[in-house]
Amino acid sequence: MGSDEKRVALVTGAGQGIGRGIALRLAQAGHHVVINDVVADEAVTDRGAYEVKRTIEAAGGGADVFRADIASRDERAAMVEFVADRFGRLDLLVNNAGVAPKERKDLLEATEQSFERLMSINLEGPYFLTQLVANRMIAWKRDGVVEAPRIVFISSISAYTSSPARGEYCVSKAGVSMAAQLYADRLGEYGIPVLEVSPGIIETPMTSVVKDKYDKLIAEGLLVTKRWGVPDDVAGVVAAFAAGHLDYSTGQRIEVGGGFGLRRL
């Protein structure tokens, strides 16, 4: 394949929420999207990974589904091999997959099992998936297969905002933030930009359980932009990066939070 072939993007956790929004936006921009999710049933097309695939294809785009648990070393490796065998290239990796604690517990009562689960999925998974992908991207760029490979980490405002009822989530996302900086630093010599995109209060299945709480906070002035974010708000930044508009911002965090991070008096 030459560099003029169709660009390929791998989006983890793309069966719903932010990942779904990113997958749809990238497909609209001309990428063939590999939709990863830990749950993917070919017989279910009204929701989940195959709904995303069906929606992309109905709009004239291209998509594949690869079911994999990014917390599994073997499944991560199998997914990268699938991409390599199927396309022989990868232009964009979007590390989006992540989970919240199954049960919110105070920091003084939270369990090691919950901590380990979140760290394995939210941090260890993308950290080592990126290692696998980065080595492939280096070779593909050197060989002229991919002209401008890029990598995105989806973190969260929780990377720097304390939530003692879900401390393990905050710690995992703080790790993701540093992983983005580390890879941006290491891959700079190969001309592979890495960006951290930090969503704020985004309307997704994950945040639906705290809707009343955030409705109240937004109404009371928590955000400059007085509304919930939607997945397409995040997807717009990823699409701009994929198009090459943010390469000089490698290693930086772009917050998509309606002004949450502003210091205000």
- Message: Ignoring everything except DSSP H segments at least 4 long, calculate the 222 nm mean residue ellipticity for the chain; use -39,500 (n - 2.57) per segment, divide by total residues, nearest 500.
- Response: -12500 deg cm²/dmol
- Message: At 0.36 nm per residue, and after removing the present C-alpha to C-alpha distance, how many nm does the segment from Arg54 to Ala139 gain when stretched out fully?
- Response: 27.4 nm
- Query: Just going by the charge dipole of the chain, with Lys and Arg at +1 and Asp and Glu at -1 on Cβ, which of Leu108, Ala180, Ile218 is farthest out on the positive end?
  - Reply: Ile218
- Could you pull out every whole DSSP H run in the chain that spans at least 18 Å of Cα extent along its own axis and averages -1.0 or higher on the Kyte-Doolittle scale? 73-87, 125-142, 167-187
- Counted neighbours (other Cβ, 10 Å), sorted fewest up, put Ile202, Ile254, Ile121 in the order Ile254, Ile121, Ile202
- Task: Taking each pair of different alpha-carbon atoms in segment 154-234 once, compute 1/r for the pair, average those values, and report the inverse of that mean as the Kirkwood hydrodynamic radius in Å to one decimal.
- Result: 14.2 Å
- Between Asp64 and residues 5 or more places away or on another chain, the pairs with built amide H atoms under 5 Å apart involve Val33, Val34, Ile35
- Give the residue from Met137, Gly251, Asn96 lying farthest towards the positive end of the charge dipole for the chain; charges sit on Cβ (+1 for Lys and Arg, -1 for Asp and Glu) and the dipole is referred to the Cα centre. Gly251
- Query: Which net charge results when you count Lys and Arg as +1 and Asp and Glu as -1 among the other residues whose beta-carbon is under 15 Å from that of Val238?
  - Reply: -1
- In cubic angstrom, how much convex hull volume per residue do the alpha carbon atoms of segment 116-265 span? 122 Å³
- Item | Extension gain from Asp212 to Asp185, taking 0.36 nm per residue of separation minus the Cα-Cα distance | 5.7 nm
- Message: Please list log₁₀ I(q)/I(0) at q = 0.11, 0.16 Å⁻¹ for segment 11-92, using the Debye equation with identical point scatterers on the alpha-carbon positions.
- Response: -0.25, -0.54
- Just need log10 I(q)/I(0) for the chain at q = 0.08, 0.12, 0.13 Å⁻¹, Debye formula, equal scatterers on the alpha-carbon atoms, no solvent, rounded to two decimals. -0.30, -0.69, -0.81
- Task: Pull out the extension gain between Glu109 and Phe128, defined as 0.36 nm times the separation in residues minus the alpha carbon to alpha carbon distance; nm, one decimal.
- Result: 3.9 nm
- Loop-located trypsin sites (Lys or Arg not before Pro) in segment 163-265, at most 12 other Cβ atoms within 10 Å (DSSP): Lys226, Arg227, Arg263, Arg264
- Spin-label point model (7 Å from Cα, Cβ direction): what's the Arg86 to Leu222 distance in nm? 3.7 nm
- Computed for the chain: size of charge dipole around the Cα centre, +1 on C-beta of each Lys and Arg, -1 on C-beta of each Asp and Glu, debye to nearest 20, value 580 debye
- Label points 7 Å out from Cα along the Cβ direction at His245 and Arg264: separation in nm? 2.5 nm
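The numbers here are math on the coordinates, done by the rules we state, and not lab data. What you see is a predicted model; the values in this text were computed from it and never measured. So basically every Cβ, Gly included, is an ideal-geometry build from the backbone, and we count neighbours across all protein chains shown.
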